[in-house]
1. Give me a single rounded figure for A:15-27: the average over its residues of other chain Cβ atoms within 10 Å of their Cβ.
2. Rank B:Gly34, B:Thr54, B:Ile12 by how far each Cα sits towards the positive end of the charge dipole of the range B:1-58 (+1 on Lys, Arg Cβ; -1 on Asp, Glu Cβ) and give me just the farthest.
3. Over all directions, average the projected area of the Cα convex hull of chain A and note it in nm².
4. What is the Cα radius of gyration of the range B:1-98 over 2.2 N^0.38 Å, N being its residue count?
5. For every helix of n ≥ 4 consecutive DSSP H residues, a contribution of -39,500 (n - 2.57) applies; sum these over chain B, divide by its total residues, and give [θ] at 222 nm rounded to the nearest 500 deg cm²/dmol.
6. So, R0 is 45 Å and r is the distance between the beta-carbons of A:Glu89 and B:Lys111; what FRET efficiency does that work out to, to 0.05?
7. Does anyone have the angle between helix A:63-89 and the longest principal axis of chain A? Alpha-carbon axes, 0 to 90°, nearest 10?
8. Hey, can you grab everything whose amide H is under 5 Å from the amide H of B:Val49? Only 5+ residues off in sequence or another chain; H modelled, so Pro and N-termini drop out.
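Taken together, the values in this text are just the output of simple stated rules run on the coordinates, not laboratory data. No experiment lies behind these values; they were computed from the predicted model shown. Cβ coordinates were reconstructed from backbone atoms using ideal geometry, including for glycine residues, and neighbour counts include every protein chain displayed.
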Amino acid sequence: MNKTEALQVIKKRRDGALAALVDSVPYIKFLGISFDRRGDELTALMQFSDKLIGNPALPAIHGGATASFLETAALIELAWQRAWNAMEESPQDAETVAAAGYLRLPKTIDFTVDYLRPGLARDCYARATVNRSGRRYASVHVEAWQDNRAKLFAQATGHFLMPQLETGA
Amino acid sequence: MTEEELRQRVAIAKQFMAALPFCQAVDMQIDQAGVSEATMSMPYNPMIVGDPETGVVHGGAVSALMDTCCGFAVNLHPDCAKPTATIDLRIDYMRPAKPGERIIAKAEVYKATRTVAFVRAIAHDGDAEHPVATATGAFVFSKIKSAEVAS
């Protein structure tokens with residue numbers, strides 16, 4: 001990486017790549033999911049809205065919305081890590097990264113969600129950990145919480161098929 | 001469970017479903033309901049697309065339909081006493097759903113203990129022999145006490 005490169009240029013490249021990953025997916029927009037980036041670390045945020053409710057009595061967020069949130073967090077984290085590494089190796093703008101196929105999302109093979117407590121009428125946060133990422137397959141764990149980071153309301157593990165890159169890397 | 005009891009439960013479940021904002025937002029509907037089993041479906045909608053290049057629906061949306069359908073099947077178990085909740089759900093994605101097609105989920109409770117209902121489901125886009133995804137899950141279950149059944 002070019003150490004003399006201006007901070008603004010670096011930030012623009014990173015934010016551009018992340019935005020390109022997230023902004024084009026309609027379902028991410030529908031659920032109100034966004035990503036907060038601190039360096040290479042991503043935190044997924046699903047802003048509470050009434051349409052997410054699956055249990056009006058509590059009220060609680062629908063398990064399907066929770067599962068979708070966790071799966072999205074896992075998919076974006078996987079694609080983001082690969083794009084990040086590519087950008088760190090040789091600085092390139094979002095268009096170049098996209099052309100090489102880094103911004104294509106992996107495909108979910110399986111996904112297991114563990115519902116620990118109801119998701120309340122609050123914003124949700126999630127962070128994904130890539131436990132293994134090979135050329136073809138990846139294994140990811142995701143944790144989601146609301147007000148208290150130590151009190152997870154759901155966690156999930158999934159396996160994913162990585163999209164092939166145009167560079168062959 | 002008598003025919004009348006089943007009809008009542010389905011009516012209650014339909015009302016309940018209509019009151020669930022998330023199910024409404026993605027336009028889920030109940031197609032068929034029987035003892036310990038249910039079929040539900042959801043139309044294709046551009047807003048639930050997960051891959052803008054191909055127009056394929058996001059896996060999470062398919063998962064949401066299967067989760068709802070599994071929960072509904074638990075509700076239709078003859079010994080089900082209280083509303084259920086998902087303990088865990090595993091989804092296996094076999095292939096992408098065809099863009100433009102309705103997604104249909106079919107779920108059945110294959111075992112219910114005093115506290116847990118074990119459920120499996122498949123999702124397809126027209127041909128049940130070629131599933132888009134399958135699911136297995138464990139759901140909270142409270143069995144009607146035999147005294148209640150007798151009364």
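1. Details: counts 0, 0, 0, 0, 0, 0, 0, 0, 1, 4, 5, 11, 14.
Mean partner-chain Cβ count within 10 Å for A:15-27: 3.
2. B:Ile12
3. On the way: hull surface 39.9 nm².
Projected over every direction and averaged, the Cα hull of chain A covers 10.0 nm².
4. Numbers: Rg = 14.7 Å, N = 98, 2.2 N^0.38 = 12.6 Å.
Here the Cα radius of gyration is 1.17 times the empirical estimate.
5. Details: 4 runs with 43 residues, N = 151.
Estimated from H runs of four or more residues: -8500 deg cm²/dmol.
6. Details: r = 52 Å, r/R0 = 1.15.
Once rounded, the FRET efficiency stands at 0.30.
7. Helix A:63-89 and the main axis of chain A meet at about 10 degrees.
8. A:Tyr27, B:His58
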